Amino acid sequence: MNDTSYSENLNIIITNPNSQDASVSLTSPSQLFTNQTTTVSAQSTKVINVPAPMQTDYMDYYVEYGVIENKTIFIDSSQPILVVASNAHDDGGSEDKYTIRPICTLGTDYRVFGDEAADLNQQLKSTNVYTIIAVQDGTKVLTDPINANVTLNRGQQLTIATYYWLTNIKVTSTKPVAVLAGAVCGFGYYNPQICSHEALMVGPTTNWQTHVPYYKFRPAEVGEFMALIRDDLTNIYRDGVLIFSNLTANHYVIFGTYTGAYIEATNPIYGVAVGAADLNGYGAPFFAHLPNDKNFVTDPVMFSVGAVDDDKGLQHRIRLMTRVYAIGTVTINGPNNYVYTPNGLLYIRMGRSQYYFVDVRVDPGLYTVSTTTSTTTYCVTVYGWGMFREYAFTPTYNLTDDGTC
């Protein structure tokens with residue numbers, strides 16, 4: 001018998017940054033979702049509710065084996081849009097968000113990851129999950145070392161859930177696929193106060209870089225950084241000091257910091273931030289993409305903060321990251337004629353690097369980030385927290401290698 005006691009609020013948050021309205025269609029092969037076409041007005045946001053049973057692996061039913069389902073939602077728009085997925089418990093706890101990558105940015109080679117708290121304490125075991133979504137018929141998918149070898153058609157997804165090691169498992173396919181990774185309720189490694197939903201839409205290995213700047217997210221006392229390794233014989237440097245040598249393609253690295261760090265590698269790596277609660281119970285574990293140079297932009301970026309009801313009572317931050325020569329040139333425009341260009345003295349250096357960031361507290365609303373010069377490049381991460389809750393998403397990372405789509 002299927003369980004119907006769902007307690008999740010699932011939403012798709014669509015932002016239209018254009019001067020023209022966008023006609024957006026949402027379709028799914030699943031009968032659980034009602035196909036629909038809607039209009040997202042120019043420079044506005046619309047929230048689409050998704051039935052909770054659309055979740056893959058809900059309530060841990062499919063632990064320790066793979067399952068193929070047809071629950072994918074395809075989104076087509078007449079204008080370029082930003083799409084963010086949101087999942088939160090309706091009891092006010094446990095949530096995360098992630099930016100949905102458009103099909104033009106997908107690849108055929110990925111690495112996935114999960115919550116590794118069990119490495120610290122077996123009592124902290126969480127269900128780690130990854131999902132592979134086909135966007136073309138006849139897509140052959142291979143995962144290693146689990147050795148799942150299946151063929152998927154458009155709209156089908158393969159999900160594998162396990163209580164055990166998942167991080168840096170290799171996923172390859174004969175045609176571009178979307179890959180999501182996370183944990184049903186992970187604890188994180190350095191701050192195991194509570195568990196929370198952790199989710200991220202993963203970038204393909206072609207989007208990786210050899211350096212990743214990082215600084216911890218509030219309110220956690222210790223920030224947690226995770227790096228996935230793509231190639232054998234990879235060395236990892238933290239602020240210029242060698243910390244790991246001769247890593248293999250099966251390795252990953254986790255470390256904690258009270259501030260930040262600049263991570264460099266001899267081969268491309270993928271950086272993931274893991275959130276956490278503080279000792280007073282504010283915040284929660286989450287997964288967030290850590291931007292690298294390939295994710296920096298020059299054009300304005302529009303996104304919504306606190307678009308869903310679950311987020312209205314949270315503290316929200318917009319994190320601006322740029323290089324040292326460009327600090328003080330990035331401006332935030334928001335509701336009620338809000339305009340703010342953070343002074344360069346407010347920026348904080350990210351380890352021993354040329355990258356600096358500033359966190360700006362904002363209220364819920366629609367925001368646009370832009371630069372005052374044509375040569376400035378920057379990146380944005382949005383995050384927010386409350387009691388036993390936290391989320392993060394990066395609206396400027398859904399780009400191809402050349403910054404276009």
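Figures for the structure shown
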read-out	value
Filtered residues of segment 237-261 (kept if over 14 Å from V272 (Cβ atoms) and without any contact (Cβ under 8 Å) to a residue 40 or more places away in the chain)	Y237, V241, L242, I243, F244, S245, N246, L247, T248
Test: residue in segment 286-302 that is part of a loop (DSSP other than H, G, I, E, B) and more than 30 Å from P80 (Cβ to Cβ)	no
Residues of segment 370-399 that turn out to be under 19 Å from the mean Cα position of the chain (by Cα), in a strand (DSSP E or B) and closer than 16 Å to L320 by Cβ, as a count	9
Selected residue [closer than 20 Å to G188 by Cβ and among the polar types (S, T, N, Q)] from T210, T257	T257
Failed item in (1) part of a strand (DSSP E or B); (2) out of contact with any Asp or Glu (no Cβ under 9 Å at 6 or more places or on another chain); (3) closer than 19 Å to T72 by Cα, with G203 passing the rest	(1)
Selected residue (criterion: nearest to Q193 (Cα to Cα)) from residues of segment 205-240 that are open to solvent by less than 20 Å² (accessible area, probe 1.4 Å) and in contact with a Leu (Cβ under 7 Å, 6 or more places away or on another chain)	Y214
Every residue from segment 129-140 that is surrounded by fewer than 23 Cβ atoms within 10 Å (Cβ to Cβ) and either more than 21 Å from the chain's Cα centre (by Cα) or over 12 Å from S173 (Cβ atoms) (or both)	Q136, D137, G138, T139, K140
N147 vs. criteria closer than 30 Å to L320 by Cβ and either open to solvent by 10 Å² or more (accessible area, probe 1.4 Å) or modelled with pLDDT under 95 (or both)	no
Among residues of segment 74-120, those that are of a type outside the set (F, W, Y), under 25 Å from I169 (Cβ atoms) and part of a loop (DSSP other than H, G, I, E, B), counted	10
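The values are calculated or read from the model by the stated rules, or taken from the named source; none is laboratory data. If you're wondering where the values come from, they're calculated on a predicted model, not measured in any experiment. Every residue, glycine among them, receives a Cβ derived from its backbone with ideal geometry; neighbour counts consider all protein chains shown. To get the accessible areas, we keep the full protein, side chains included, count just its heavy atoms, and leave off ligands, DNA and RNA. Shrake-Rupley method; radii C 1.70, N 1.55, O 1.52, S 1.80 Å.
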